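Accompanying notes for the structure given below.
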Amino acid sequence: MNEYGQKAHEIDYRIIGEEMQCVEIELDPEETAIAESGAFMMMDDGIQMQTIFGDGAGQRQGLLGKLMSAGKRVLTGESLFMTTYTNIGHGKKKVYFASPYPGKVIPLDLIRLGGKMICQKDAFLCAAKGVMIGIEFQRKLGTGLFGGEGFIMQKLEGDGMAFVHAGGHIMERELQPGEILKIDTGCIVAFTPSCDYDIQFVGGIKNTIFGGEGLFYATLRGPGKVWVQTLPVSRLASRILQYGTVSRKEEGGILGGLGNMIDGDGW
(Lines give C-alpha, C1' and ligand atoms only; values in the text may rest on other atoms or scores of the structure.)
Protein backbone atom coordinates (compact mmCIF):
# COMPACT_ATOMS: atom_id res chain seq x y z
CA MET A 1 0.00 0.00 0.00
CA ASN A 2 1.32 3.48 -0.78
CA GLU A 3 0.92 6.63 1.33
CA TYR A 4 -2.48 7.33 -0.24
CA GLY A 5 -3.87 3.96 0.80
CA GLN A 6 -3.99 2.70 -2.79
CA LYS A 7 -2.63 -0.51 -4.20
CA ALA A 8 -1.21 -0.54 -7.73
CA HIS A 9 -3.15 -2.45 -10.36
CA GLU A 10 -1.73 -5.91 -11.07
CA ILE A 11 -0.87 -6.08 -14.76
CA ASP A 12 0.59 -8.76 -17.01
CA TYR A 13 3.24 -7.76 -19.52
CA ARG A 14 5.54 -8.97 -22.29
CA ILE A 15 8.60 -7.21 -23.72
CA ILE A 16 8.88 -7.53 -27.50
CA GLY A 17 11.83 -6.88 -29.81
CA GLU A 18 15.58 -6.56 -29.55
CA GLU A 19 17.11 -3.16 -30.43
CA MET A 20 13.89 -1.13 -30.57
CA GLN A 21 11.75 -2.76 -27.89
CA CYS A 22 8.16 -2.22 -26.87
CA VAL A 23 6.21 -3.46 -23.87
CA GLU A 24 2.85 -5.20 -24.22
CA ILE A 25 0.60 -4.69 -21.18
CA GLU A 26 -2.44 -6.91 -20.75
CA LEU A 27 -5.28 -5.31 -18.81
CA ASP A 28 -8.16 -7.08 -17.14
CA PRO A 29 -11.51 -5.21 -17.05
CA GLU A 30 -11.17 -1.95 -15.08
CA GLU A 31 -7.39 -2.23 -14.89
CA THR A 32 -5.36 0.84 -15.85
CA ALA A 33 -1.85 1.58 -17.06
CA ILE A 34 -0.19 5.02 -17.05
CA ALA A 35 2.42 6.22 -19.53
CA GLU A 36 4.47 9.21 -20.53
CA SER A 37 3.18 11.41 -23.31
CA GLY A 38 4.51 10.07 -26.61
CA ALA A 39 5.11 6.50 -25.38
CA PHE A 40 1.86 5.08 -26.84
CA MET A 41 2.17 2.70 -29.78
CA MET A 42 -1.17 0.87 -30.22
CA MET A 43 -4.05 -0.69 -28.28
CA ASP A 44 -7.05 -2.98 -28.59
CA ASP A 45 -10.56 -1.65 -29.01
CA GLY A 46 -12.24 -1.28 -25.63
CA ILE A 47 -9.41 0.63 -23.94
CA GLN A 48 -10.22 4.19 -22.92
CA MET A 49 -7.45 6.80 -23.13
CA GLN A 50 -7.52 9.81 -20.80
CA THR A 51 -5.06 12.63 -20.11
CA ILE A 52 -4.48 13.42 -16.42
CA PHE A 53 -2.43 15.76 -14.26
CA GLY A 54 0.65 13.98 -12.90
CA ASP A 55 0.59 10.21 -12.34
CA GLY A 56 -2.94 9.96 -10.94
CA ALA A 57 -1.76 8.33 -7.72
CA GLY A 58 -2.74 11.25 -5.50
CA GLN A 59 -6.44 11.45 -6.27
CA ARG A 60 -7.14 12.45 -2.66
CA GLN A 61 -4.98 15.55 -2.93
CA GLY A 62 -6.49 18.99 -3.35
CA LEU A 63 -5.89 21.16 -6.38
CA LEU A 64 -2.72 22.70 -4.91
CA GLY A 65 -1.32 19.28 -4.07
CA LYS A 66 -2.00 18.03 -7.58
CA LEU A 67 -0.34 21.12 -9.08
CA MET A 68 2.75 20.64 -6.91
CA SER A 69 2.91 16.93 -7.69
CA ALA A 70 2.63 17.52 -11.43
CA GLY A 71 4.99 20.50 -11.28
CA LYS A 72 7.74 18.33 -9.82
CA ARG A 73 7.69 16.32 -13.04
CA VAL A 74 8.74 19.40 -15.00
CA LEU A 75 11.99 19.46 -12.99
CA THR A 76 12.84 16.00 -14.34
CA GLY A 77 12.22 17.10 -17.93
CA GLU A 78 8.83 15.40 -18.25
CA SER A 79 5.42 16.74 -19.26
CA LEU A 80 2.90 18.06 -16.73
CA PHE A 81 0.44 15.51 -18.05
CA MET A 82 0.35 11.74 -18.32
CA THR A 83 -2.04 9.41 -20.13
CA THR A 84 -4.05 6.58 -18.59
CA TYR A 85 -5.28 3.53 -20.49
CA THR A 86 -8.25 1.74 -18.88
CA ASN A 87 -9.90 -1.47 -20.03
CA ILE A 88 -13.60 -0.56 -20.07
CA GLY A 89 -14.63 -3.59 -22.12
CA HIS A 90 -15.16 -7.26 -21.39
CA GLY A 91 -12.26 -9.68 -21.32
CA LYS A 92 -8.56 -8.93 -21.49
CA LYS A 93 -7.25 -6.06 -23.64
CA LYS A 94 -3.71 -5.14 -24.67
CA VAL A 95 -1.92 -1.81 -24.99
CA TYR A 96 1.62 -1.28 -26.30
CA PHE A 97 4.25 1.32 -25.44
CA ALA A 98 7.49 1.82 -27.40
CA SER A 99 10.98 3.01 -26.49
CA PRO A 100 11.90 6.43 -27.94
CA TYR A 101 15.41 5.38 -29.05
CA PRO A 102 17.43 2.16 -29.56
CA GLY A 103 17.92 0.27 -26.33
CA LYS A 104 16.11 -1.92 -23.85
CA VAL A 105 13.00 -1.79 -21.70
CA ILE A 106 13.62 -2.76 -18.06
CA PRO A 107 10.73 -4.17 -16.01
CA LEU A 108 10.86 -3.18 -12.33
CA ASP A 109 8.67 -5.05 -9.86
CA LEU A 110 8.62 -2.40 -7.15
CA ILE A 111 7.19 -4.65 -4.47
CA ARG A 112 10.24 -6.92 -4.85
CA LEU A 113 12.61 -3.95 -4.89
CA GLY A 114 11.54 -2.42 -1.60
CA GLY A 115 8.82 -0.17 -3.01
CA LYS A 116 11.13 2.52 -4.39
CA MET A 117 13.58 3.01 -7.26
CA ILE A 118 15.75 5.97 -8.27
CA CYS A 119 16.20 6.49 -12.03
CA GLN A 120 17.77 8.93 -14.44
CA LYS A 121 15.56 11.88 -15.33
CA ASP A 122 14.00 10.63 -18.57
CA ALA A 123 13.97 6.89 -17.89
CA PHE A 124 10.30 6.30 -17.05
CA LEU A 125 8.18 4.76 -19.82
CA CYS A 126 4.97 3.34 -18.28
CA ALA A 127 3.59 1.64 -15.18
CA ALA A 128 0.55 0.15 -13.51
CA LYS A 129 -1.83 2.72 -12.08
CA GLY A 130 -0.94 3.38 -8.45
CA VAL A 131 2.79 3.75 -9.05
CA MET A 132 3.87 7.27 -8.09
CA ILE A 133 6.39 9.14 -10.25
CA GLY A 134 8.19 11.89 -8.39
CA ILE A 135 11.59 13.50 -7.97
CA GLU A 136 14.59 12.55 -5.87
CA PHE A 137 17.03 15.27 -4.83
CA GLN A 138 20.65 14.23 -4.46
CA ARG A 139 21.61 16.08 -1.29
CA LYS A 140 25.38 15.98 -1.63
CA LEU A 141 26.87 19.17 -3.02
CA GLY A 142 29.33 17.38 -5.31
CA THR A 143 26.55 15.29 -6.78
CA GLY A 144 24.40 18.33 -7.40
CA LEU A 145 27.07 20.52 -8.99
CA PHE A 146 29.06 17.99 -10.99
CA GLY A 147 26.79 15.01 -11.53
CA GLY A 148 26.39 15.54 -15.26
CA GLU A 149 22.79 14.30 -15.08
CA GLY A 150 22.06 16.90 -12.38
CA PHE A 151 21.03 16.47 -8.77
CA ILE A 152 17.36 15.87 -9.63
CA MET A 153 16.46 12.29 -10.55
CA GLN A 154 13.19 10.39 -10.97
CA LYS A 155 11.69 8.45 -8.10
CA LEU A 156 9.30 5.54 -8.65
CA GLU A 157 7.30 4.42 -5.61
CA GLY A 158 4.56 1.87 -5.04
CA ASP A 159 3.89 -1.85 -5.14
CA GLY A 160 3.24 -2.40 -8.85
CA MET A 161 5.13 -2.90 -12.10
CA ALA A 162 7.01 0.00 -13.65
CA PHE A 163 8.99 0.09 -16.90
CA VAL A 164 12.00 2.25 -17.72
CA HIS A 165 13.95 2.47 -20.95
CA ALA A 166 17.68 2.88 -21.55
CA GLY A 167 20.09 3.09 -24.46
CA GLY A 168 22.15 0.27 -25.90
CA HIS A 169 22.70 -2.87 -23.84
CA ILE A 170 21.76 -3.10 -20.15
CA MET A 171 23.98 -4.55 -17.43
CA GLU A 172 22.59 -5.41 -14.02
CA ARG A 173 24.92 -5.46 -11.02
CA GLU A 174 24.23 -6.63 -7.48
CA LEU A 175 26.55 -4.73 -5.15
CA GLN A 176 27.58 -6.30 -1.86
CA PRO A 177 27.86 -4.21 1.33
CA GLY A 178 30.78 -1.81 0.93
CA GLU A 179 31.39 -2.74 -2.72
CA ILE A 180 32.00 0.32 -4.91
CA LEU A 181 31.20 0.71 -8.61
CA LYS A 182 32.59 3.68 -10.56
CA ILE A 183 30.39 4.67 -13.50
CA ASP A 184 30.15 7.41 -16.12
CA THR A 185 27.34 9.61 -14.83
CA GLY A 186 25.32 9.29 -18.04
CA CYS A 187 25.44 5.49 -17.98
CA ILE A 188 23.41 5.09 -14.78
CA VAL A 189 19.83 3.98 -15.51
CA ALA A 190 18.48 3.10 -12.06
CA PHE A 191 19.50 1.92 -8.62
CA THR A 192 17.87 0.92 -5.37
CA PRO A 193 17.82 3.52 -2.56
CA SER A 194 20.06 1.32 -0.42
CA CYS A 195 22.97 2.32 -2.68
CA ASP A 196 25.01 5.35 -1.63
CA TYR A 197 25.39 7.67 -4.64
CA ASP A 198 28.18 10.23 -4.95
CA ILE A 199 30.35 12.02 -7.51
CA GLN A 200 34.17 11.91 -7.53
CA PHE A 201 36.80 13.95 -9.32
CA VAL A 202 38.81 11.92 -11.84
CA GLY A 203 42.10 13.46 -10.68
CA GLY A 204 45.46 13.75 -12.41
CA ILE A 205 46.33 16.64 -14.74
CA LYS A 206 46.72 14.38 -17.80
CA ASN A 207 43.39 12.66 -17.16
CA THR A 208 41.72 16.03 -16.68
CA ILE A 209 43.08 17.65 -19.86
CA PHE A 210 43.51 14.74 -22.26
CA GLY A 211 41.29 11.95 -20.91
CA GLY A 212 38.24 12.90 -22.95
CA GLU A 213 35.94 11.22 -20.42
CA GLY A 214 34.95 14.27 -18.39
CA LEU A 215 36.18 15.50 -15.02
CA PHE A 216 33.86 13.47 -12.81
CA TYR A 217 32.42 10.00 -12.47
CA ALA A 218 29.71 8.55 -10.26
CA THR A 219 30.33 6.11 -7.45
CA LEU A 220 27.72 3.71 -6.12
CA ARG A 221 28.42 1.90 -2.87
CA GLY A 222 26.50 -1.25 -1.98
CA PRO A 223 24.50 -2.97 -0.83
CA GLY A 224 21.97 -2.65 -3.61
CA LYS A 225 21.15 -3.27 -7.24
CA VAL A 226 22.27 -1.10 -10.16
CA TRP A 227 21.24 -0.98 -13.83
CA VAL A 228 23.80 0.46 -16.27
CA GLN A 229 23.32 1.40 -19.95
CA THR A 230 26.01 1.24 -22.62
CA LEU A 231 24.64 4.09 -24.76
CA PRO A 232 23.28 7.17 -22.95
CA VAL A 233 20.98 9.19 -25.21
CA SER A 234 23.11 12.30 -24.54
CA ARG A 235 26.16 10.52 -25.96
CA LEU A 236 24.17 9.33 -28.99
CA ALA A 237 22.80 12.83 -29.62
CA SER A 238 26.22 14.48 -29.39
CA ARG A 239 27.72 12.00 -31.84
CA ILE A 240 24.87 12.54 -34.32
CA LEU A 241 25.25 16.30 -33.94
CA GLN A 242 28.98 15.99 -34.55
CA TYR A 243 28.47 14.11 -37.80
CA GLY A 244 25.71 16.46 -38.89
CA THR A 245 27.61 19.70 -38.37
CA VAL A 246 31.27 18.84 -39.10
CA SER A 247 32.43 18.43 -42.68
CA ARG A 248 33.96 15.03 -43.35
CA LYS A 249 36.44 16.54 -45.82
CA GLU A 250 38.91 16.64 -42.94
CA GLU A 251 38.99 12.86 -42.72
CA GLY A 252 42.03 12.59 -44.90
CA GLY A 253 42.95 14.08 -48.27
CA ILE A 254 41.95 12.29 -51.45
CA LEU A 255 40.57 9.22 -49.69
CA GLY A 256 38.41 11.39 -47.45
CA GLY A 257 37.04 13.25 -50.44
CA LEU A 258 36.43 9.97 -52.28
CA GLY A 259 34.55 8.67 -49.28
CA ASN A 260 32.39 11.78 -49.22
CA MET A 261 31.58 11.36 -52.92
CA ILE A 262 30.59 7.72 -52.39
CA ASP A 263 28.41 8.70 -49.44
CA GLY A 264 26.71 11.37 -51.53
CA ASP A 265 28.15 14.31 -49.57
CA GLY A 266 29.93 15.76 -52.58
CA TRP A 267 33.06 17.89 -52.30
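The values are calculated or read from the model by the stated rules, or taken from the named source; none is laboratory data. As the structure is a prediction and not an experimental result, all values here were calculated from the model. Here the Cβ positions follow ideal geometry from the backbone for every residue, glycine too, while neighbour counts run over all protein chains shown. Please note that ligands, DNA and RNA were not included when accessible areas were found on the heavy atoms of the full protein model with its side chains. Shrake-Rupley method; radii C 1.70, N 1.55, O 1.52, S 1.80 Å.
So here's what we get for this one:
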item	result
Residues (at pLDDT 80 or above and either part of a helix (DSSP H, G or I) or not aliphatic (A, V, I, L, M) (or both)) located in segment 34-53	E36, S37, G38, F40, D44, D45, G46, Q48, Q50, T51
The listed residue being in contact with a helix residue (DSSP H, G or I) (Cβ under 9 Å, 6 or more places away or on another chain), modelled with pLDDT of 85 or more, crowded, with 17+ Cβ neighbours inside 10 Å and among the hydroxyl-bearing types (S, T, Y), out of Y197, Y217	Y197
Residue within segment 54-63 that is open to solvent by 20 Å² or more (accessible area, probe 1.4 Å), at pLDDT 85 or above and on the phi < 0 side of the Ramachandran plot present	no
Segment 174-190, subset over 25 Å from M20 (Cβ atoms) and in contact (Cβ under 8 Å) with a residue 40 or more places away in the chain, residue least open to solvent (accessible area, probe 1.4 Å)	L175
Extreme residue, nearest to Q120 (Cα to Cα), among residues of segment 217-242 that are in contact with a strand residue (DSSP E or B) (Cβ under 7 Å, 6 or more places away or on another chain) and in a helix (DSSP H, G or I)	V233
Breaking point among (1) touching a strand residue (DSSP E or B) at 6+ places or on another chain (Cβ under 7 Å); (2) modelled with pLDDT of 95 or more; (3) charged (D, E, K, R), for K66	(2)
Test set (1) touching an Asp or Glu at 6+ places or on another chain (Cβ under 7 Å); (2) modelled with pLDDT under 80 - K155 fails condition number	(2)
F97 vs. criteria buried (at least 22 other Cβ atoms within 10 Å of the Cβ), under 28 Å from C187 (Cα atoms) and modelled with pLDDT of 90 or more	yes
